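In what follows, a structure is listed as structure tokens, so that the remarks can point back to it.
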């Protein structure tokens, strides 16, 4: 390999021991479902964080072909990467604008979402009437102008924003009283921005009903197959299937231990499938079958699956290797070279996330670079 060549260019699909299959048809179908549920509102898409780990440069153009015209990125670098692929789209930058990102924002025709009076003053003084969106905090205490600051801005004589947004704190809990409080506060501020489009609903917010939809919705996790709200069936199609290859099958005796710290001691003679995946690939150590603090709260670790049959992780997940207990499978059912599902039709995002003490968002966005990716559809 010469110094000018990237190691990525020399990867072989057959040489890796982890792989992702990303179903773009399911991804597009999920967006169409959210579009239809959005009613009269236009449906955008959150494709920040490399489209939640599946690859923004592939995912966003697919949604553009479906009719999506509004895309939400975290920062100007993310937006600039998409602009050549989405020449006619409106690309919003959620983190706003500051002096270091100003040139990048202008050069790639990005729309900053202004989050503070200082950002508003900077943009309106320097951007020569270029469009911007205004974020109003209605309860997250994260990004956005306070309601009082938003009113002051609306009366300041500054150029009007092209969009006013806020963000739900609890939309994944349909009965949470915070949802109604945020809707009421946002509705009360809309008259200050008469004639300007408004956006409040994320994935969970879309399911809360038409009072939350306004002019533009911006689904995220639901597009990627995640559950958009608690206490209801997941209506989204599976987009990501993650698998790892079995490197070897080993036999171990009752009383012997498995993995670091000897945290898992076998209670029976066992067969163990050693697979080429670990926390360096986003298969979280906290999902281990033993030896991590989470197991005192959630006794069972995560599972894999082979041919639809779940197999538990045993011992601690390590950087590059994970062990699965396959004792209960017929010997012919799994062999070295076979592939074990980590996420997909058998192991849901929510199931895997719960076992790791996290959420589906973190699970997807932490997928490592070693996975060989293939795109279907």
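Applying the selection to the stretch 113-150, what residues are surrounded by fewer than 17 Cβ atoms within 10 Å (Cβ to Cβ), in contact with a helix residue (DSSP H, G or I) (Cβ under 8 Å, 6 or more places away or on another chain) and assigned to a helix (DSSP H, G or I)?
Across the stretch 113-150, the qualifying residues are 117, 126, 149.
Residues checked against (1) in contact with a strand residue (DSSP E or B) (Cβ under 6 Å, 6 or more places away or on another chain); (2) buried (at least 16 other Cβ atoms within 10 Å of the Cβ):
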| residue | (1), (2) |
| --- | --- |
| 322 | yes, yes |
| 326 | yes, yes |
| 332 | no, no |
| 337 | no, no |
| 341 | yes, yes |
| 345 | no, no |
| 352 | yes, yes |
| 355 | no, yes |
| 358 | no, yes |
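Any residue in the stretch 59-66 that is at positive phi and surrounded by 24 or more Cβ atoms within 10 Å (Cβ to Cβ)? Steps first, please.
Narrowing the stretch 59-66 to residues at positive phi: none.
Looking for residues that are at positive phi and surrounded by 24 or more Cβ atoms within 10 Å (Cβ to Cβ), one finds none in the stretch 59-66, hence no.
Do any strands (runs of 3 or more DSSP E) lying entirely in the stretch 244-345 carry at least 1 residues that are out of contact with any helix residue (DSSP H, G or I) (no Cβ under 9 Å at 6 or more places or on another chain) and without any contact (Cβ under 8 Å) to a residue 24 or more places away in the chain, and which ones are they? Steps first, answer last, please.
Working: elements: 270-275, 303-306, 309-314, 322-325, 339-343.
So the answer is 309-314.
Please work out if residue 358 is in a loop (DSSP other than H, G, I, E, B), within 25 Å of the chain's Cα centre (by Cα) and within 30 Å of residue 202 (Cα to Cα). Show your work before the answer.
On the way: in a loop (DSSP other than H, G, I, E, B): yes; within 25 Å of the chain's Cα centre (by Cα): yes; within 30 Å of residue 202 (Cα to Cα): yes.
Considered against the rule, which asks whether it is in a loop (DSSP other than H, G, I, E, B), within 25 Å of the chain's Cα centre (by Cα) and within 30 Å of residue 202 (Cα to Cα), residue 358 comes out as yes.
Would it be correct to say that residue 104 is surrounded by fewer than 21 Cβ atoms within 10 Å (Cβ to Cβ), modelled with pLDDT of 95 or more, over 20 Å from the mean Cα position of the chain (by Cα) and not in a loop (DSSP other than H, G, I, E, B)? Please lay out each step first, then the result.
Working: surrounded by fewer than 21 Cβ atoms within 10 Å (Cβ to Cβ): yes; modelled with pLDDT of 95 or more: yes; over 20 Å from the mean Cα position of the chain (by Cα): yes; not in a loop (DSSP other than H, G, I, E, B): yes.
Yes; evaluated as a whole, the condition is true for this residue.
Looking only at the stretch 67-101, which residues are under 27 Å from residue 23 (Cβ atoms) and either more than 20 Å from the chain's Cα centre (by Cα) or not assigned by TED's automatic domain parsing to the domain that holds residue 133 (or both)? Talk me through it step by step, then tell me what you get.
Looking only at the stretch 67-101, we keep the residues that are under 27 Å from residue 23 (Cβ atoms), and these are 67-74, 78-79, 81-92, 94.
The answer is 67, 83, 84, 85, 86, 87, 88, 89, 90.
I'd like the residue in the stretch 34-53 that is touching a residue at least 24 places away in the same chain (Cβ under 8 Å) and part of a helix (DSSP H, G or I) and, out of all such residues, is surrounded by the fewest Cβ atoms within 10 Å (Cβ to Cβ). If you could, list the steps in order and put the result at the bottom.
Filtering the stretch 34-53 for residues touching a residue at least 24 places away in the same chain (Cβ under 8 Å) gives 34-35, 37-53.
Now restrict to residues that are part of a helix (DSSP H, G or I): 34-35, 37, 48-52.
Working: 34: 25, 35: 21, 37: 21, 48: 21, 49: 17, 50: 19, 51: 29, 52: 25.
Looking at the filtered set, the residue picked out is 49.
The values are calculated or read from the model by the stated rules, or taken from the named source; none is laboratory data. Just so it is clear, the model here is predicted, and its values are computed rather than measured. As a convention, Cβ positions derive from the backbone with ideal geometry for all residues, glycine included, and neighbour counts pool all protein chains shown.
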